[in-house]
Every structure is written in structure tokens, then in C-alpha cells.
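What follows draws every value from the coordinates through simple rules; no lab data is involved. On a predicted model such as this, the values are computed, not experimentally measured, just so you know. Ideal geometry is used to build each Cβ from the backbone, glycine not excepted, and the neighbour counts take in all protein chains shown.
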Amino acid sequence: MPIAIGTTDLISILPIAIVSLFGVYLLLQSVFAPRMNRILIPYLGILGVGLAVVGNFFLIGMEGTAFEGMVRVDRLTVVLNFLFLITAALSLLITISYHEGEHVEFLEFTPLVLFSTAGMMVMGSAESLMTIFLGLETMSIALYVMAGFRRTNRHSLEAALKYFLLGAFATGFLLYGMALTYGMVGSTNLTQIAQYFTQNALDVPLVALMGLALIIIGFGFKVALVPFHMWTPDVYQGSPLPVTAYMAVGAKAAGFAAILRVISLSAFSIAFQWSEILWVLAVLTMTVGNVVALVQDNIKRMLAYSSIAHAGYILVGVVASNDQTVPSVVFYLIVYLFMNLGAFAVATMVAGQNERRVNIQYYRGLGYTQPLLALAMAVFMFSLAGFPPTAGFIGKFYIFSAALQSGYVWLVILGVINSLISVYYYLNVVVAMYMQQPVDEKKIAPVLPGVGVVILVAVLGIVYLGIFPGTMLSVLR
Amino acid sequence: MQGIPISHFLVLSAILFSLGVIGVTIRRNAIVIFMSIELMLNAVNLSFLAFSNYLNNVEGQIFVFMVMVVAAAEVAVGLAIIVAIFRLRETVHVDDIKLLKW
């Protein structure tokens, strides 16, 4: 049987192809032209991401599957592609400034970012369990390497080992779930899986449910749901800051993209079977994340627990499982991108050489020594805590109203109580910046242009989405 | 495979998978943990093949190829990380690798 690959097939993976080809090119470039100015490589990576953004415009308006039902292109794919590409571009910008301060050879770093972005986009446009698995592993294997990039640093290597062992362990569960689902459905195609669950909605075989549960465990590891979150704080703390920023946003968004594709969109007809399990996971995730974050004094660990808590909020939108699920979850992911990358960009600036200043005490007096940087950090913290008129508030509002629409009143009450708890540790940073005296006189290096652009984009994104959420929401609907 | 019912394969696969999970939880050497993870992946491969044969559908076998490729890539990265840790710390015992806590 001849295999026909048409133009539509190729266009539907255009951004993925551009990013991967640029990754390969930069890898070869550093091998065959070692004398080339190494500072240029991250900029070339950003150029590749920019070309992929242009390529992604060709996908707008497309609707359908490609490669014999392996890839799906729809509005969700396009929006997720933009999200992953923006994350990659902003992380590379943080990297540029980081490597100026850190003197680590960041040669292979840019290709790794590009490869793992390609993996994320594959997950976002998956139409088969096989594609999801391949995308997930492309993303994860690149991230394992990135976590251990400072290979003379004990913390960084420990983070890489923990991330690798637990990530591979979780992959085992995910695969077993996929095998059981495949065995019951007779296909790995998500449309056929959806049909199967619709036909057998009233009497789902136990094995298929076990398969779904194992898949939830696998994705739960990737997006750091409690009780599968144990690796998160250690890995976030040990990894270099730009990597932490990238995986906090990108890997989480990709994991939720896969959850939307497999759980929300393919298994929607048996939502009554899994929504209670996810209800419990959402409450656990929000509560554990927020309560443990209260006692953290390291900014990276605090943001790690905060990212666990945010995974819980996003899961509330998945539990709702109505027509608001996809728009509200994707909107929250976009908001989360801006506020988290912004916070990590500020943290990179404050941390300085060799990441010595990662404790919250180093933020004391920042409001007087670096007023603009502190103002931006305050915006990010208010947005993460969910204060109006920031985008964080609107995001939470849509997630919780989606849950209310499905009648999950208690879940919403617990979610609101949790965001009140989170105010304490976010405002702790703001209080340190504006109401306390600096601990040491050592001045923070002036903000470098790369990080400056990231912070500016993040602040503008938060303010814009906070005041005019309508434009973005109408795109998502 | 003629005559052997599919349940035999599935039970064997479940046993191997559980052995892998037990290995990951109770062994403390990073390399042995990694071997246990590989055992889990291969148990899943057995499931895929059994289902593929039973359903007379080729997708499961393609999936096994994907898993094998990914497992090979994971070995390359995983062993590199373990070697890097050994060079720095002279141990691959996961109980000794515990700088990061709370």
C-alpha cells in the first residue's frame, strides 16, 4: 500500500517541522562551525521560533486530521501552538541574559529548547495515543537534559536524576494505560476512542476504566498533581532558572493539552466516571500546593509549590467538563504563561551569578533600589494571587464559573478559600520589596535587555488580558 | 501463539509490570531502578503485542516500535545523567542524593 503524504499533511505540521529543523540546524552548526560566535545561537533559535509563528498562521481556519488520523488541526491546535512558541521565545530571551551572567556553555541549550517545544506542539495537535506518547517523550527527554545542564552543580544534577527517574516511571504507567485502552477500543485513534466510550457509556468495561485511570496518573505526574507532585519542588529548585521557567509553563501547558485531548474531549461521555476522581485530585492539589508554599523561603521552591496549586485550579476547569472547559482552561494557561515567566524572569535578575540570591530575603528593599523591577514583580505576584484587575483574576473567574455551571459549588468554595491562602505568600514577597530594609548593600546588576523584554511582554500581557479578556475569549470559543 | 489464550499474556504482562513497580520502589541503586523502569516498559510492550495479535490490528505493533525507540533515547539520556552524578558524587545510591528537601 503506497503512503501518500499530501500538501495538507505537511502544512498541518508546519510549525513543528520548522522548529525541529532549526533545532537540527543549530546542533550541526555548533559542531561544524565551532568558531562561530556562540552568543548568536540563542538569537538564531528565536528566529526559528519566529518563523514557526509565521508558519502557524497558515494553520488558522484549518479543521481536520492529517497523516492518516495521527494529527489533528483545529482551533485548539493553533492556539496551543502559539502558546508553546511564545513560551519558547521568552525562555530563550531569559537564557540569553542568564548565560551572560553565568558563564556556562549554553551551546546545546537552544536546540534542546526547540526540540522540546516541537514535542509540546505534537502533544497539542495529537489525534492518536501514539502521537501523544511521542510528543510527551520528545518534550520530556529534552527537559531531563536541560534540568541537569549545570553539570558541575550538585543541585542541578540531582534535579536531573530525580526528574528523569520519576518521569520515566510515570511514562510506564501512562503507557500501560494506553495499552489497556487500545486493547479495549481496538484503536489508538482518539476519535474512535470517543466513539467507543459514547457507545459503551452506560456499561464501560473495567479494563477500559483502569486504562483511563493509569493515563490520568501518567499525565498527573507531568502536570504535578498531588499526590504525584513529589518531584516538582526539587526539580524546580535544582534546575537552572531559565529551564525552571520553561518547564513550569511549557511542560504544564503541554500536559494539560494532552489531558484536554484525551480526558475532556475523548472521554467526555463517561465524565461521570472520572470527574469525582479529578475532583479529589483538584482539591488535594490546590490545598497541598498552597499550604506548603506558605513556609518556603526560597523563591524557586515557592514558585514550584505555587505552580502545583495552579495546576489544581486548572484541573477545576477540567472537572467541570462542559462547553466552558476548553476555553477556560486554555485562557488560564495563557495567563499562567505571562505571570509565571515574568516572575521567573525577575527571579533570574535578582538571583545574579551562580544563582546565589534565591532566598526571599534578597527581595527586601527592592522597591527602592530597583523600582521598576519591583513594580513588575508586584504585578506578577498580584496576578498569581488573583487580584482584579489583573489577568490572574479573570482566569480564575472563568475556571470557577465553568465549575459552577456544572454544579460543583463545594469545589468552587474550596478553590476560593485556597486562593485566599495563597495571598499570604505572594504578598510576602511584595511586603519584603516595599516595607523592609535591604539585607546587603550589594547592588543587583542592571536589568539586561533580554530579560527586560520578557518582563515587559509579561506585564503588558497580564494587564491587557485582565482588562480586555473578551478578545481572547472570543478566539477560544 | 496458536492455542495460548490472550489472558495468559495479559497476566504475565501485569506481573512483570508489578515487578517493575516494586523494583522502582524498594531498590536504592539508580541503575537498578532504571532497569526496573525498563522492565515496566517491556511489560507494556507485551500487552500491546498480545492485544495486537488478538484484535488482528497492526497499530499495537507500531506502538511497540515507538516505545522501543523512545526507551533507547531514554537510556542514552538516563545513563549520561547517572554517569555525570557518579563523577561528581562518587555514588549512585538514591538515598545519598538528597540535597534538595522541603
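Structure data summary
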quantity: Sum of side-chain charges, residue A:67 neighbourhood, beta-carbon under 12 Å (Lys, Arg +1; Asp, Glu -1); calculated: -2
quantity: Karplus (6.51, -1.76, 1.60) ³J(HN,Hα), θ = phi - 60°, over segment B:72-84, in Hz, Gly and Pro reported as x; calculated: 5, 4, 5, 4, 4, 6, x, 5, 4, 5, 5, 5, 4
quantity: Sites residue A:40 and residue A:423, calculated FRET efficiency, Cβ-Cβ separation with R0 41 Å, nearest 0.05; calculated: 0.40
quantity: FRET efficiency, residue A:437 to residue B:65 (Cβ-Cβ, R0 41 Å, nearest 0.05); calculated: 0.10
quantity: Cα-based Kirkwood hydrodynamic radius, the protein assembly as shown, one decimal, Å; calculated: 24.0 Å
quantity: Ranking of A:63, A:355, B:38 by count of other Cβ atoms within 10 Å, fewest first; calculated: A:63, B:38, A:355
quantity: Amide H partners (placed H, <5 Å) of residue A:370, local residues excluded; calculated: none
quantity: Chain A, relative contact order [Cα under 8 Å, separation at least 6], %; calculated: 14 percent
quantity: In range of the label at residue A:475: residues from segment A:46-63 whose backbone nitrogen is under 15 Å from the point 7 Å along Cα→Cβ; calculated: A:53-62
quantity: GNM top mover of B:13, B:52, B:36 - chain B, alpha-carbon springs below 10 Å; calculated: B:52
quantity: Residue exposure sequence - A:396, B:98, A:162 - by fewest surrounding Cβ within 10 Å; calculated: B:98, A:162, A:396
quantity: Efficiency of FRET between residue B:56 and residue A:199 - r from beta-carbon atoms, R0 22 angstrom, step 0.05; calculated: 0.60
quantity: Residue-averaged beta-carbon neighbours from other chains (10 angstrom radius) around B:59-68; calculated: 4
quantity: Contact order relative to length of segment B:6-89, as percent, for alpha carbon pairs under 8 angstrom and 6 or more apart; calculated: 27 percent
quantity: Chain B: most fluctuating residue of B:34, B:65, B:51 per GNM, C-alpha cutoff 10 Å; calculated: B:65
quantity: Geometric extent, Cα atoms of segment B:6-89 - Rg, Dmax (angstrom); calculated: 15.0, 51
quantity: In sequence order, calculated HN-Hα J values of segment A:129-140 (Karplus, 6.51, -1.76, 1.60; Hz; x Gly/Pro); calculated: 4, 4, 5, 4, 4, 4, x, 4, 6, 4, 5, 5
quantity: Per-residue ³J(HN,Hα) for segment A:407-420, Karplus 6.51 cos²θ - 1.76 cosθ + 1.60, θ = phi - 60°, Hz, x for Gly and Pro; calculated: x, 8, 5, 5, 4, 5, 4, 4, x, 5, 4, 5, 5, 5
quantity: Nonlocal amide H pairs with residue A:126, under 5 Å, H built at 1.01 Å; calculated: A:72
quantity: Virtual paramagnetic centre 7 Å along Cα→Cβ of residue A:68, amide N under 14 Å, in segment A:169-207; calculated: A:188-189
quantity: 10 Å Cβ neighbours from other chains, averaged over peptide B:71-84; calculated: 5
quantity: Neighbouring partner chain Cβ atoms per residue of A:233-241, average, 10 Å criterion; calculated: 2
